[in-house]
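Novice: Could you have a look at this structure, given as structure tokens, before my questions?
The values are calculated or read from the model by the stated rules, or taken from the named source; none is laboratory data. If you're wondering where the values come from, they're calculated on a predicted model, not measured in any experiment. Virtual Cβ from ideal backbone geometry, glycine too; neighbours counted across all protein chains shown.
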Amino acid sequence: MTSGPAPAFTLQRAEADDFEDLLALRLRAMRDSLARLGRYDEQRARERLAAGFAPGHTQHVVVDGERVGFVVLKKLSHALRLDHFYIDPKAQRRGIGSQVMRRVCAEADRLLLPVELCALKGSDANRFYLRHGFVLTGEGDWDYDYLRLPTTPSLRAVRHLWQAIQARDWAAARALLHDDLQVTWWTSGERFDGADAFIEVHRRYPEGWTIRLVELTHLQDGRVLALLRVDHAPQTFFATSLCRVDDERIAGIDEYWATVEAPPAWRSGSKLPGRTVFDPRDDVRAALP
């Protein structure tokens with residue numbers, strides 16, 4: 001856990017003769033994860049880092065004049081490739097890694113490029129990348145592949161809407177909507193005509209709810225899909241929200257709601273092959289918008 005605000009950092013370009021220091025830091029950062037898999041091998045680690053080492057793409061993470069990590073980010077024709085990203089264990093849990101990742105994501109958004117990477121199976125880094133909006137796209141024998149799509153103005157508008165609703169900032173939420181907004185809640189068979197009607201139904205919603213954004217993505221047809229979790233004790237709901245965005249304001253929303261509930265009796269007592277039971281509220285992706 002972090003305590004207090006994360007310290008400020010700067011990025012400093014690496015030089016060719018920094019290789020040994022970078023290798024030592026990588027070994028410190030990866031030792032526990034690799035050891036758990038029986039894969040800790042200093043020679044293999046050296047070869048892997050050396051194979052892609054490019055000082056022009058490598059930057060030290062510097063805090064208070066001390067090098068506490070490094071990042072290797074390459075611009076490809078189709079994406080930014082995050083080849084390496086490590087924070088020294090003694091500097092972890094201070095929010096430094098999250099700050100650096102937000103800067104990487106901001107650069108990707110500026111270029112409108114996705115960010116791709118792979119993470120070692122069993123590493124805490126997997127939860128870190130999921131929290132920062134990456135999605136699992138594949139896996140190998142020892143690694144998972146992840147991708148984060150760039151945040152477009154339409155995605156920002158939808159995220160800001162749910163941020164404003166969660167904050168009960170009705171004026172900010174209203175400013176993100178077209179006056180003639182059309183909203184359909186398909187599960188309950190309700191329609192709301194106009195932005196003011198949509199704001200009013202949320203304003204009147206019985207208090208005690210918390211919105212968490214699980215996933216936000218741009219669909220090929222131009223709409224934005226938001227997967228939301230709403231905790232409203234004693235119940236939890238999921239909502240799939242499909243938004244049409246025009247000129248960075250939301251013009252239409254179709255929502256489908258579902259209530260979290262236990263499996264039916266016919267599945268609860270049976271031994272179906274491959275079936276496991278989990279708590280849907282235990283999802284590392286779900287965070288305040």
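Novice: For segment 181-214, which positions are surrounded by 15 or more Cβ atoms within 10 Å (Cβ to Cβ) and either part of a strand (DSSP E or B) or at pLDDT below 95 (or both)?
Specialist: Those that are surrounded by 15 or more Cβ atoms within 10 Å (Cβ to Cβ) and either part of a strand (DSSP E or B) or at pLDDT below 95 (or both): Leu181, Gln182, Val183, Thr184, Trp185, Phe192, Trp209, Ile211, Arg212, Leu213, Val214.
Novice: For segment 243-250, does any single residue satisfy the condition of being in contact with a Leu (Cβ under 6 Å, 6 or more places away or on another chain) and closer than 30 Å to Asp124 by Cα?
Specialist: No - not one qualifying residue is present in segment 243-250.
Novice: Continuing with the same structure: Can you list residue pairs whose Cβ atoms sit under 9 Å apart, with the first residue in segment 52-67 being of a type in the set (Phe, Trp, Tyr) and the second being modelled with pLDDT under 95 and surrounded by fewer than 16 Cβ atoms within 10 Å (Cβ to Cβ)? Count only pairs 6 or more apart in sequence or on different chains.
Specialist: Matching pairs, first to second residue: Phe53/Ala16.
Novice: For segment 101-160, please list each of the strands (runs of 3 or more DSSP E) lying entirely inside it that holds at least 3 residues being of a type outside the set (A, V, I, L, M, F, W, C).
Specialist: Answer list for segment 101-160: 135-139, 143-148.
Novice: Are there any pairs, at least 6 apart or on different chains, whose C-beta atoms fall under 6 Å, with the first in segment 162-175 and closer than 19 Å to Val245 by Cβ and the second surrounded by fewer than 18 Cβ atoms within 10 Å (Cβ to Cβ), and if so, which?
Specialist: Every condition considered, the pairs that remain are Ala164/Ala172; Ile165/His202.
Novice: Still on this structure: Please pick out the residue among Leu288, Leu272 that is closer than 21 Å to Arg131 by Cβ and at pLDDT below 95.
Specialist: Leu288
Novice: Now a separate question. Just one of the numbered conditions (1) on the phi > 0 side of the Ramachandran plot; (2) modelled with pLDDT of 95 or more is not true of Gly222; which one?
Specialist: Condition (2) is where Gly222 drops out.
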